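The values are calculated or read from the model by the stated rules, or taken from the named source; none is laboratory data. Fair warning: this is a prediction, and the values are worked out from it, not measured in the lab. Here Cβ is always computed from backbone atoms with ideal geometry, including for glycine, and neighbour counts include all displayed protein chains.
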Amino acid sequence: MNTAFHRLLLLLLLALPWAVHAGDAADYAKASPGQIQVFGREDWFSPPASGSGEKAPLVICPCSTGTLSALATGASNNLIERAGDVALKERRPLILVLRESPYSEVHLNNMLTLTRQGAVIMPASPGFYHKPESIDDLVDFMVARILDHLNLPQTLMPRWGEKG
């Protein structure tokens, strides 16, 4: 697995508060040893907290409107927010997969602020044109969209116009 995908997995786990407890779950069984690293929310000295670390994209999934607000205002109260702040200041790809709806004017303004700074706002709203038959199909749709935005190969979902 390439480094960018390794880093993507790392940061997806970072955004999940329960990831430390799920580390031995079957979902992660396919990972190679050392491929997935989990950092605590207060681990200010971890690689994602530093602008001098690896120049990798960041995906915050799920992204709460609280995290959205912190990023839009430059406030870093935990490692997730600090990693997002680093991505913005270093001009690294940043994808925020928002989990909440509907949006207030404050949320929309924060999205606009971050979009103007280069972040991609991607609400967790899967498409239905592919006729999903399960929750897994809906999740695969969102994961495929994230990977496509990062220019990473994926076989979860054909792109529009491709045969599946």
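Looking across PRO153, PRO126, one residue alone is free of Cβ contacts under 8 Å to residues at least 12 places away in the same chain and not in a helix (DSSP H, G or I). It is PRO153. Every listed requirement among (1) free of Cβ contacts under 8 Å to residues at least 40 places away in the same chain; (2) in a helix (DSSP H, G or I); (3) among the small types (Gly, Ala, Ser) is met by ALA83 save one, (1). Given the criteria of a type in the set (S, T, N, Q) and either modelled with pLDDT of 95 or more or in contact with a strand residue (DSSP E or B) (Cβ under 6 Å, 6 or more places away or on another chain) (or both), does ASN110 qualify? Here the answer is yes, as ASN110 does meet what is asked. Candidates are the residues of region 129-150 that are within 18 Å of ALA56 (Cβ to Cβ) and assigned to a helix (DSSP H, G or I); the one that is farthest from the chain's Cα centre (by Cα) is ASP148. Filter region 125-142 down to the residues that are surrounded by 16 or more Cβ atoms within 10 Å (Cβ to Cβ) and under 25 Å from LEU108 (Cβ atoms) and list them by number. Scanning region 125-142 gives PRO126, LEU138, PHE141, MET142.
Of all residues in region 92-114, how many are within 17 Å of PRO126 (Cβ to Cβ) and touching a residue at least 40 places away in the same chain (Cβ under 8 Å)? Final tally of qualifying residues: 2.
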